[in-house]
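The values are calculated or read from the model by the stated rules, or taken from the named source; none is laboratory data. Keep in mind that what you see is a predicted model, and the values were worked out from it rather than measured. Here the Cβ positions follow ideal geometry from the backbone for every residue, glycine too, while neighbour counts run over all protein chains shown.
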Amino acid sequence: MKFIPLAKPNISEQDIDAVVKVLRSGMLVQGENVMQLEQNFCDLTSAKYASAISNGTASLHLALIHLGIGEGDEVIVPAFSYVATANVVELVGATPVFVDIDINTFNIDAWRIEAAITPKTKAIIPVHEFGLSADMDAIMSVAEKYQLFVVEDAACALGATFRDKAVGTFGDFGSFSLHPRKAVSSGEGGVLTTNNIDNDRAIKILRNHGVEMINNEMQFVDFGFNYRMTDFQAALVKNQVKRVPEILKYKQHLAEIYLDKIKSELIKLPVVPEECNHTWQTFHVLLADSINRNELIEKMKAKGVGTNYGAQCIPQTTVYQKKYEYDCRKLFPNALRAYTQGLALPLYDLLSENDIMFIAETLDESI
Ligand SMILES: *Cc1c(COP(=O)(O)O)cnc(C)c1O
């Protein structure tokens, strides 16, 4: 029986050749391919600057370190995301303050942000969940009003726009991931974008042991990390980034087949606000409360289709429960519902129209 996995990266012969070329050169660490990748990111997003980082979590971490966020500070994050979004706040010694999501978009409910702001609030990390931009009008205006930093977690959202402007270019930083579950992949990898030259310079120093070249001489000017990307990883992904517009066009076509073919009234289909495109990093549906999501995952698997939950209700995870004991049912009902009743379906450019129709039918039959 054919099995359709939830995700599969599309690596071309050109990508493989580019990696092999780096391996044969012996120049394995950050080099010309990293610079080309950064340029391709700037070309795609119109961000002024981009830094390749070892992964998307490290790139969020570096942004918070550079912005000076630490002990005694609070950072607003959505209650529904991948755990990394909140973990980086904990890891710099600050406190994540969770805000519930809008159940239609699965993004932070921007109108609830203001109520979560205190004198300790330093930043907002909006997540463009599943490849759909958060409401950047509302988020940037509340950030401006209270003088907060904005670090966009665009890990899932390469190519996503809000009012035709690329995500990752609204806030102080935009953080992208190149993990195989995302649109394009270097294995592990991340990119941090910014329009501010001082931010960019600081990140390039921090990712590389605090080294700055001054008069052609290496000087150690900061307490840095080693958060560099290897050059063969950059070679693997640099041309994939150029293919993003084409990939997104095809995925939009496949998504429309899902939207047309999934008929069950027990399934709520994703909603795309008119200010946004959707990059469909994840095609995420919401199941009626009467459906046991985990049993459905098993049924779909038995019929040859890989599915999974979409993201975590972060404050409900063991480590956050242990530390904060939130009553998530009361505080974050939408995030909890998206976690327990959400289902991610396969949607990537290696799938055919027939695959999508098969998955839609299998889903309707399995409900
Ligand atoms: C994948 C993801 C991350 C982490 O990226 P890595 O490259 O895996 O470290 C962070 N935030 C969100 C929303 C993600 O989806």
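Checked against the criterion of being of a type in the set (Ser, Thr, Tyr) and free of Cβ contacts under 8 Å to residues at least 40 places away in the same chain, the candidates TYR146, TYR227 yield just one match: TYR146. Contact annotation: residue pairs with Cβ atoms under 7 Å, 6 or more positions apart or on different chains, pairing a residue in region 252-272 that is closer than 18 Å to ASN292 by Cβ with a partner that is surrounded by 13 or more Cβ atoms within 10 Å (Cβ to Cβ) and at pLDDT 95 or above, are SER264/ASP364; LEU266/LEU287; LEU266/ILE291; ILE267/VAL285; ILE267/LEU287; LYS268/VAL285; LYS268/LEU286.
Of all residues in region 316-367, those being small (Gly, Ala, Ser), in contact (Cβ under 8 Å) with a residue 24 or more places away in the chain and not in a helix (DSSP H, G or I) number 2. Against the condition touching a residue at least 12 places away in the same chain (Cβ under 8 Å), away from the ligand (no atom under 16 Å from the Cβ) and surrounded by fewer than 24 Cβ atoms within 10 Å (Cβ to Cβ), how does ILE214 come out, does it pass? No, not satisfied.
When the residues of region 142-182 are filtered to those that are more than 20 Å from VAL77 (Cα to Cα) and within 11 Å of the ligand (Cβ to nearest atom), which remaining residue is farthest from the chain's Cα centre (by Cα)? Filtering first and then ranking leaves PRO180. Can you name every residue in region 102-135 that is within 16 Å of the ligand (Cβ to nearest atom) and free of Cβ contacts under 8 Å to residues at least 60 places away in the same chain? Matches in region 102-135: ASN107, ILE108, ALA123, ILE124, PRO126, VAL127, HIS128, ALA134. Return the residues of region 273-295 that are in contact (Cβ under 8 Å) with a residue 40 or more places away in the chain and out of contact with any strand residue (DSSP E or B) (no Cβ under 7 Å at 6 or more places or on another chain); say none if nothing qualifies. Matches in region 273-295: PRO273, THR279, TRP280, GLN281, ALA288, ASP289, ILE291.
Scanning region 1-48 for residues that are crowded, with 20+ Cβ neighbours inside 10 Å, within 20 Å of the chain's Cα centre (by Cα) and not in a helix (DSSP H, G or I) returns PRO9, ALA47. Looking only at residues of region 49-74 that are part of a loop (DSSP other than H, G, I, E, B) and polar (S, T, N, Q), we find that the one that is farthest from the ligand (Cβ to nearest atom) is SER54.
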